[in-house]
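Written out below as structure tokens is the structure these notes cover.
Since every read-out is calculated from the coordinates, none of them should be taken as a lab result. All of these numbers come straight from a predicted model, not from anything done at the bench. Neighbour counts run over all protein chains shown; Cβ positions are idealised from the backbone, glycine included.
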Amino acid sequence: MAIFKEVSTSDIKTTRSFLSQLIDVLQEDVSASVSRRKYQVFVTGGIGLGPGVTSSLFQTIFDQDFTLQTANPIFDMTVGLFSGGATVLSSQTGTDAAGKELFPSSSLMMREKIDNYRQFASALLGDSTLSFSSALDSSDTADKMDVALFIAFKRLFARDSIKRETMAIKFYQSASIIGPNPSAPAETWYRGVGNLDSTSVSGSAIYTDIGAATNKLSTFGGQVGNIVDSANTSRNVGLMFYDRGILVLDLTKITSSSQYMSGNIDAMTSTGRTTLGGARTETVFKSKLIPDFLVSASIDNIVDHIAATRFQSGSQTAITFQNTTNINSTLIFCRAAADEFNYSANPTFIDSDDRIVVIDVGQEDTQQSFTFVTSVGMYDANDNLLAVAKLSRPVEKSPERDLTLRVRLDFAKKRSFRYTK
Amino acid sequence: MGFLDHSSNNIILDAVLTDVGRQFLARNDGSFSIHKFALGDDEVNYGIISKYGRTVGREKIEKNTPIFEALTNQQHSQKYKLISVSNPNLLRLPTLTLSGDANVDGLNNTVTLGRNQTKTSTITVEQTIKNETTIDVELRDQTFVVEVPNLFVQILRQTPDNIDGQQRATYILTRSASENSFGGSNVQFTISVKSLTDSLFTVYGTTANKAKIKAFVKITGVQSGAVKDIAVIIDKNL
């Protein structure tokens, strides 16, 4: 008898539970340049006095201005090209003796885009030479992802995995068709004005992993679900890798890829810029999203276009999903028997005469001491306090009452986080 | 720390690892091993029972006592513990009294030391009880836990069991062989001032007098749970 009571091994149990959190990513967070961080690690030389081109290999989307300390990174976004796909092969001029793909100078970062694709294919499919297909394992050539958009969610939000059948993304298939003069012939809307930088206003679709909970696919990269068009669920447009927290979308399928595009992009020219889509006065359409823009533009230009225009810029949800955190818990049952813990070392428990105050004077033969419990301390053999639990209200302990307190210690990423704006 | 939500009738346990618990987990050597538990009642004011009686007082304590959230600092997490004694009819509990050499003021629970001449003081903490002839055998402390501010003082000829992140050193001391007329045990130890620089006095000196540092030593009887807090005043010029 004392102030401690030993915990027997039968009073310690381990359990596992799962916690899901709903994550909403807002359109304006994806589109705003202040919440998109660039890492300009790709640098070219200049032509003449030209400045050359710098670009990121991916961009990180934050939930607010990324320069603020309170900003949380939500996901990384980049694009990739399949080395054996039509987009690459139509542009490739050859291969050097070392196996390096060669491309004309009007293209930009082609090898980096291919390497991006290979890296994701290696991590998710187990072979860097494979191409993604939507649906997974489809042998149909039309299902192979020639041009892929990769969205890799940060662990802060993906946690241990993303929950099946909770992913939805609202994406604008069309680029802006608003030009300087809407009454002008439609074919002129696309040129010279720059729909590369104009926010999309129509043609949105919702892509989702509906049906993934009952069609549990898996591959080298873990559990997979097919991403489909919610308006036509038989139309597969991408893959969700739940364990990795990576969304792979077929840009050919989620965009109006044949739409004509125009605007200024970085290029290996004397000014470091060029105009995609030709001059406004031209009457012949020149450039489409795929392959022209994807081949000619840097990764930064492409991600800028997708993030800034294809998700809209309002306060609605652009991407939503639920994550799952696996919580391993230790349950410790602290049992206080009827004759235990009925006295207290609390200074108010005795008066100046050392007398226990909860027993009325003159009632010593009929009344017994009682206490209240407000905390449980878990100690090691050397009396070090390892964990402490507090009760939300005092609980009486008396010789007429035994008490079992179940203390649960969770071993998980304990940071409770709800993403709101 | 704020208060716990007590708006529902469900009793919620808010559990956290202490800094020592996390330190032991980080060691990854099995030192994080829960061996025993203790119950505490830090927030409870039993004087309410005296004022309102056992029935109303109980209800007032249960319903009108806000509970603080759990603290991660082990020194402050569980100040007052509940005690198990097989005798259900105890009327009085022993307390700890302070005595010692000329530097010890037992009445005011203070020990005055200096950094030059009066660097040490021998302290005796003894179990006593009023209006009883004997202390219940189960409440006679065999071991005392002494927590001292490691930055300023140490216990001579003893090795701390643990020094936490707040520089509080914990010593576990065995009682002296002798006992008093109540059967109460005592522990005797010598507290010694460490080498203190002037800048330490500038930083830690009291508001009224920067030449004096005031720190606290806590002594807990392991069997009785009784606690004695002693103020240690270190004078720069003594």
key: Table column - 3J(HN,Hα) (Hz), the stretch A:58-65, Karplus curve with 6.51, -1.76, 1.60, x for Gly and Pro   = 7, 10, 9, 9, 9, 8, 6, 3
query = Convex hull volume of the Cα atoms in the stretch A:218-319, per residue, in Å³?
reply = 155
ask   = Which order do A:Ser218, A:Ser161 fall in if you start with the one that has the fewest other Cβ atoms within 10 Å?
value = A:Ser218, A:Ser161
ask   = Taking the Cα-to-Cβ direction at A:Ser90 and at B:Asp229 and moving 7 Å from each Cα, how far apart do the two end points lie in nm?
value = 7.9
task = Relative to the longest principal axis of the C-alpha atoms of chain A, give the angle of the C-alpha long axis of helix A:299-309, reported between 0 and 90° and rounded to the nearest 10°.
result = 70
ask   = Which of A:Ile210, A:Ile302, A:Ala86 sits closest to the plus end of the dipole of the stretch A:19-323, meaning its Cα is farthest towards the positive end, when Lys and Arg get +1 and Asp and Glu get -1 on the C-beta?
value = A:Ile302
query = With axes computed from alpha carbons, what is the tilt in degrees of helix A:110-125 against the longest principal axis of chain A, rounded to the nearest 10 within 0 to 90?
reply = 40
Inter-label distance for B:Asn109 and B:Thr134, nm, one decimal - labels placed 7 Å from Cα along Cα-to-Cβ = 2.9
key: CD proxy at 222 nm, helix term only [per DSSP H run n ≥ 4: -39500 (n - 2.57); per residue of chain A; nearest 500]   = -3000 deg cm²/dmol
ask   = What is the spread of the Cα atoms of chain A along each of their three principal axes, largest first, in whole Å?
value = 108, 44, 43
remark   = Sorted by chain and number, the residues with a modelled amide H under 5 Å from that of B:Gly184, at a separation of 5 or more or across chains, are B:Ile135
task = Take B:Asp235, B:Asp5 and order them by how many other Cβ atoms sit within 10 Å, fewest up front.
result = B:Asp5, B:Asp235
Two-site FRET efficiency, A:Thr320 against A:Arg408, from Cβ-Cβ distance with R₀ of 22 Å, rounded to 0.05 = 0.15
ask   = Say we join alpha carbon atoms closer than 10 Å with springs in a Gaussian network model of chain A; which of A:Ile356, A:Ile206, A:Ile23 then has the biggest fluctuation?
value = A:Ile356
message = Inside 10 Å of the C-beta atoms of A:2-13, what's the mean count of C-beta atoms belonging to other chains?
response = 5
request  = Please give the FRET efficiency for A:Leu68 paired with B:Arg22, using the beta carbon to beta carbon distance and R0 = 25 Å, rounded to the nearest 0.05.
outcome  = 0.30
query = For the pair A:Ser270 and B:Ser50, how long in nm is the line joining their label points, each one 7 Å along Cα→Cβ?
reply = 9.7
inquiry  = Counting only other chains, and only Cβ atoms inside 10 Å, what mean value do you get across the residues of B:18-24?
reply    = 4
Farthest toward positive dipole pole in the protein assembly as shown [+1 Lys/Arg, -1 Asp/Glu at C-beta], among A:Ile23, B:Phe152, A:Asn264 = A:Asn264
query = Using the Kirkwood radius built from alpha carbon pairs, what does the Stokes-Einstein equation give as D for the stretch B:69-217 at 37 °C and 0.692 mPa s, in µm² per second?
reply = 189
query = What net charge do the residues around A:Ile299 carry, taking every other residue with its C-beta under 11 Å from that of A:Ile299, with Lys and Arg at +1 and Asp and Glu at -1?
reply = -3
Only Lys, Arg (+1) and Asp, Glu (-1) charged, at Cβ; the stretch A:19-323 dipole about Cα centre in debye = 100
request  = Quick one: dipole size for the protein assembly as shown, taken about the Cα centre, charges +1 on Lys/Arg Cβ and -1 on Asp/Glu Cβ, in debye to the nearest 20.
outcome  = 920
ask   = Calculated from DSSP H runs of 4 or more alone, at -39500 (n - 2.57) each and per residue, what is the 222 nm mean residue ellipticity of chain B, nearest 500?
value = -4500 deg cm²/dmol
query = Mind checking the dipole of chain B: about its Cα centre, +1 per Lys or Arg Cβ, -1 per Asp or Glu Cβ, Debye to the nearest 20?
reply = 460
remark   = Computed over chain B: longest principal axis from alpha-carbon atoms vs helix B:47-64 long axis, angle to nearest 10 degrees, is 70
query = Does the stretch A:33-90 come out rounded, prolate or oblate, given a ≥ b ≥ c as the square roots of the eigenvalues of its C-alpha gyration tensor, rounded meaning a/c under 1.5 and, failing that, prolate meaning a/b above b/c?
reply = oblate
Per-pair calculated FRET efficiency, R0 = 51 Å: A:Ser234 and A:Ala337 via Cβ, rounded to 0.05 = 0.20
request  = Identify the chymotrypsin sites (Phe, Trp or Tyr not before Pro) of the stretch A:6-56 meeting these criteria: DSSP loop state and at most 15 other C-beta atoms within 10 Å of the C-beta.
outcome  = A:Tyr39
request  = Could you run the Karplus curve 6.51 cos²θ - 1.76 cosθ + 1.60 with θ = phi - 60° over the stretch A:95-108 and give me ³J(HN,Hα) per residue in whole Hz, x for Gly and Pro?
outcome  = 9, 7, 4, 8, x, 6, 5, 10, 9, x, 5, 6, 8, 9
query = Rounded, prolate or oblate: which fits the stretch B:1-94, taking a ≥ b ≥ c as square roots of the Cα gyration tensor eigenvalues, rounded meaning a/c under 1.5, else prolate when a/b beats b/c?
reply = oblate
request  = Please identify, among A:Thr70, A:Thr233, A:Thr366, the residue showing maximal mean-square fluctuation in a Gaussian network model of chain A using a 10 angstrom Cα cutoff.
outcome  = A:Thr366
Average partner coverage of B:8-17, which counts Cβ from other chains inside 10 Å = 6
